[in-house]
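The values are calculated or read from the model by the stated rules, or taken from the named source; none is laboratory data. These figures come from a predicted structure and were not determined experimentally. Here the Cβ positions follow ideal geometry from the backbone for every residue, glycine too, while neighbour counts run over all protein chains shown. Only protein heavy atoms, including side chains, enter the accessible area calculation; ligands, DNA and RNA are left aside. Shrake-Rupley method; radii C 1.70, N 1.55, O 1.52, S 1.80 Å.
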Amino acid sequence: MKTTNGIKSKLILMNFLEFAIWGSYLVSMGIYLSSIGLGNRIFWFYTIQGIVSLFMPALIGNIADKYIPAQKMLSGCQAFAGLFMLLSGFYCMSAPDPQFSVIFTLYTLSVAFYMPTIGLCNAVAFNALNQVGLDTVKNFPPIRVWGTIGFIFAELLVNFTGFQSSYMQFLTSGLLSLILMCYAVTMPNCPVKSSSSSSSLTEILGLQAFKLFKNPTMAIFFVFSFLLGVCLQITNSYGTPYIDSFQYIAQYADDWAARNATALIAISQASEALCILLIPMCLKRFGIKGVVLMAMFAWVLRFGFFGLGNTGSGVIFLVLSCIVYGVAFDFFNVAGGLFVDEKTDTSMRSSGQGLFMMMTNGLGASIGTWVAGTFVINRLVDMGPDADAAVNLSGWQTSWFIFSAYAAIVAVLFIIIFREKRKKRETISLEEAEDIAGGDPEGMPGINK
């Protein structure tokens, strides 16, 4: 019992650190970039995150499977992620006029090594639990939830220290990466699976899963996964800059929410952790299509409430937007993961889940953030450091309503086009739902059965 509790404690701290690294900058970075005149480039920082997610996790995971134990690979990746993030912070600290090209290059290198660590953390955890004879389905979710807690902790830390508007958020993230670099090597050894036969590039990248597009139902579902994935990073990119802008409008200048944008957005992650409790009941009652539709309309409300809200009398709409985020994120990822799990052969399930992630968090999120920034936000909102926040307000509101209308169109098309052949299945347990939702805070699903 002492051994199992010790392993659980070590894994809890590992997950806490893993997502605190991400939470240190993911939702607050836009505020700092706007303050140094890079507001019109915000979308690139979130777009590149999705682009590197298309290939880096698969490549690093393949190396960890065959050559370097996962705990050592985790340590090495965090070393590089932390180093480049620290260099980004130190550059911003020393440069009187930080240049986009330098910050973006260092940031890209950092996230290229960070994104694979989410999967590596899961691999290390599953290996450790199996070594002491613990059921991963039962024991991993309570451990993984500490990752969400770590993310929220980091959000609140950078908010209440004032780091949300400075380069200190990059230094905080980099320091936490180096701590995890040292801590990861204390994890139980993950054996490699050496193979005399080399894998093709198609196998390494998981591209064989594209065979699933031959099935019309699966093809339609993956297309809609991409269309909804477009929404995933928009509020992470622009939510805090929008809320933060209210402090530069006279009537909202003294509002608590205007000065604590990152803390307000942290309600989204708290909602995510709590909304999972509703999933078993909703899946049983409404089926996978019904639950996916709930997620789609939750995105309609997520954006719509942003457009209606302000940090004064309308702060309730901002809070509601954060609350419905839990449904938008959890319901889509869990139901989508279950659908892929049900419709794919056992030999293709892992590849199918990888394709689902690629369509949502890779292609969908990257293209969605780029389009949102280039063709909506930057055309309707002046993101310059000397912009008039009061004048910008109508542009922000119009932008959120455009995104809300897009989500509504996707939902209506899904109702019309997608046909689910319902079949009886065992009711999903809360533990299964938590395990399926055990990806990163922005929607990287993980199926472990």
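For this structure, a couple of remarks:
- Residue check, Gly352 over 22 Å from Ala250 (Cβ atoms) and surrounded by 15 or more Cβ atoms within 10 Å (Cβ to Cβ): yes
- Pair list, Cβ < 6 Å and 6+ apart or interchain, from the range 293-318 residues that are more than 19 Å from Gln269 (Cβ to Cβ) to residues that are among the polar types (S, T, N, Q): Val300/Ser404; Gly304/Ser404; Gly307/Gln397
- Residue that is nearest to Ala270 (Cα to Cα) [pool: residues in the range 8-23 that are over 13 Å from the mean Cα position of the chain (by Cα) and open to solvent by less than 10 Å² (accessible area, probe 1.4 Å)]: Asn15
- Residue match in the range 361-377 (condition: under 30 Å from Ile288 (Cα atoms), at pLDDT below 90 and not aromatic (Phe, Trp, Tyr)): yes
- Candidates Ser101, Ser75, Ser94 - the one that is under 18 Å from Phe43 (Cβ atoms) and of a type in the set (Gly, Ala, Ser): Ser101
- Residue ID - farthest from Trp22 (Cα to Cα), chosen from residues in the range 236-277 that are modelled with pLDDT of 95 or more and of a type in the set (Val, Ile, Thr): Ile249
- Within the range 248-277, the residues that satisfy the criterion of being of a type outside the set (Gly, Ala, Ser) and without any contact (Cβ under 8 Å) to a residue 40 or more places away in the chain are Asp254, Arg259.
- Every residue from the range 132-168 that is hydroxyl-bearing (Ser, Thr, Tyr) and assigned to a helix (DSSP H, G or I): Thr136, Thr148, Ser165
- Scanning the range 74-121 for residues that are surrounded by fewer than 18 Cβ atoms within 10 Å (Cβ to Cβ) and among the aromatic types (Phe, Trp, Tyr) returns Phe80, Phe90, Tyr91, Phe100, Phe104.
- Pairs where the first residue, in the range 406-418, is under 11 Å from Met296 (Cα atoms) and the second is open to solvent by 70 Å² or more (accessible area, probe 1.4 Å) and part of a helix (DSSP H, G or I), C-beta under 7 Å, 6+ apart: Ala411/Phe297
- Inclusion of Ile409 among residues that are over 26 Å from Phe305 (Cα atoms), loosely packed, with under 15 Cβ neighbours inside 10 Å and modelled with pLDDT of 90 or more is not warranted.
- Annotation note: Cβ proximity below 9 Å between a residue of the range 72-94 that is at positive phi and touching a residue at least 12 places away in the same chain (Cβ under 8 Å) and a residue that is charged (D, E, K, R) and surrounded by fewer than 20 Cβ atoms within 10 Å (Cβ to Cβ) (sequence gap 6+ or interchain) occurs for no pair.
- Scanning the range 176-190 for residues that are touching a helix residue (DSSP H, G or I) at 6+ places or on another chain (Cβ under 7 Å) and either open to solvent by less than 40 Å² (accessible area, probe 1.4 Å) or part of a helix (DSSP H, G or I) (or both) turns up Leu176, Ser177, Leu178, Ile179, Leu180, Met181, Tyr183, Ala184, Met187, Pro188, Cys190.
- Taken as a whole, the structure places Ala253 among residues that are over 24 Å from Gln49 (Cα atoms) and surrounded by fewer than 24 Cβ atoms within 10 Å (Cβ to Cβ).
- Sub-8 Å Cβ pairs linking a first residue in the range 130-145 that is farther than 19 Å from Cys275 by Cα to a second residue that is charged (D, E, K, R) and modelled with pLDDT under 85, at least 6 apart or interchain, are Thr136/Asp435, ordered by first then second residue.
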